[in-house]
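Contents: one structure, followed by commentary.
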Amino acid sequence: MPPPPPLPFAQRHAKAARLVARARNFFDGWGQAQEKEAEGIEARAYFTALLAHVAALFETRRDTINLPTLGQDAGPDDQLNHAMALARRVNNLRNDDFSNRVDLATFADAFKRAQVGPDEIDELLGLAQAIVDRLAPSGDQDGPEVVDVSQGGAGDDEVA
């Protein structure tokens with residue numbers, strides 16, 4: 001059976017924009033949770049969700065909704081190239097977090113091992129937002145709904 005046709009660009013763009021907004025929400029939630037509990041369960045949950053969303057945004061599979069695939073029609077893009085380089089380092093965090101083969105006691109240990117820091121994740125999320133904004137279909141001036149994840153929400157229930 002042949003694969004289903006891809007969604008129209010506007011729908012793929014909207015889903016990518018929601019992924020960016022969720023990643024930002026999880027980044028902010030992780031920061032807030034760290035202030036409250038340092039290395040506790042809530043901070044770990046936000047951190048893991050953040051890493052999963054960044055990985056989804058910057059994967060390169062052609063059968064998923066991601067920024068490299070959305071940006072392919074725009075031609076060469078220095079902003080996307082820089083974001084992809086940062087995303088590879090953030091994916092090192094994800095690989096260590098999910099592999100359970102590396103015993104990293106603290107977030108600082110994980111960042112040191114991946115040679116990336118919170119400021120670079122913040123920069124990556126800013127680049128992702130700029131890319132989504134630049135690729136917005138004409139007439140799509142409304143950004144994705146921002147949800148305060150610290151209040152228990154993670155965005156809409158639709159899977160991106």
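The values are calculated or read from the model by the stated rules, or taken from the named source; none is laboratory data. Note that the structure is a prediction, hence the values are computed from the model and not measured. Please note: Cβ atoms are built from the backbone with ideal geometry, for glycine as well, and neighbour counts cover all protein chains shown.
Restricting to the range 27-64, give me the number of residues that are of a type in the set (Asp, Glu), outside any helix (DSSP H, G or I) and more than 14 Å from residue 110 (Cβ to Cβ). Give the derivation first.
To start, the set of residues in the range 27-64 that are of a type in the set (Asp, Glu) comprises 28, 35, 37, 39, 42, 59, 63.
Next cut, outside any helix (DSSP H, G or I) only: 39, 59, 63.
Those left that are additionally more than 14 Å from residue 110 (Cβ to Cβ): 59, 63.
So the answer is 2.
Does residue 61 satisfy the criteria of being of a type outside the set (A, V, I, L, M, F, W, C), within 20 Å of residue 94 (Cβ to Cβ) and modelled with pLDDT of 95 or more? Even if it seems obvious, please write down each step before you answer.
Values: of a type outside the set (A, V, I, L, M, F, W, C): yes; within 20 Å of residue 94 (Cβ to Cβ): yes; modelled with pLDDT of 95 or more: no.
Spelling it out, it is not the case that residue 61 is of a type outside the set (A, V, I, L, M, F, W, C), within 20 Å of residue 94 (Cβ to Cβ) and modelled with pLDDT of 95 or more.
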Say we look at the range 61-79 and pick out the residues that are within 20 Å of residue 123 (Cβ to Cβ) and in contact with a helix residue (DSSP H, G or I) (Cβ under 8 Å, 6 or more places away or on another chain); which of these is surrounded by the most Cβ atoms within 10 Å (Cβ to Cβ)? 67
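Matching residues to (1) at pLDDT below 85; (2) farther than 30 Å from residue 138 by Cα:
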{"position": "6", "(1), (2)": "yes, no"}
{"position": "9", "(1), (2)": "no, no"}
{"position": "39", "(1), (2)": "yes, yes"}
{"position": "46", "(1), (2)": "no, yes"}
{"position": "66", "(1), (2)": "no, no"}
{"position": "78", "(1), (2)": "no, no"}
{"position": "90", "(1), (2)": "no, yes"}
{"position": "104", "(1), (2)": "yes, yes"}
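I'd like to check something: does the range 17-26 contain any residue that is surrounded by fewer than 17 Cβ atoms within 10 Å (Cβ to Cβ) and either over 13 Å from the mean Cα position of the chain (by Cα) or aromatic (Phe, Trp, Tyr) (or both)? Don't jump to the end; show me each part of the working.
Restricting attention to the range 17-26, the residues satisfying the condition of being surrounded by fewer than 17 Cβ atoms within 10 Å (Cβ to Cβ) are none.
Within the range 17-26, not a single residue is surrounded by fewer than 17 Cβ atoms within 10 Å (Cβ to Cβ) and either over 13 Å from the mean Cα position of the chain (by Cα) or aromatic (Phe, Trp, Tyr) (or both).
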Whether any residue in the range 38-55 is in contact with a helix residue (DSSP H, G or I) (Cβ under 9 Å, 6 or more places away or on another chain), within 27 Å of residue 135 (Cα to Cα) and charged (D, E, K, R) is what I want to check. no
Output yes when any residue across the range 37-47 is within 13 Å of residue 94 (Cα to Cα) and touching a residue at least 40 places away in the same chain (Cβ under 8 Å), and no when none is. yes
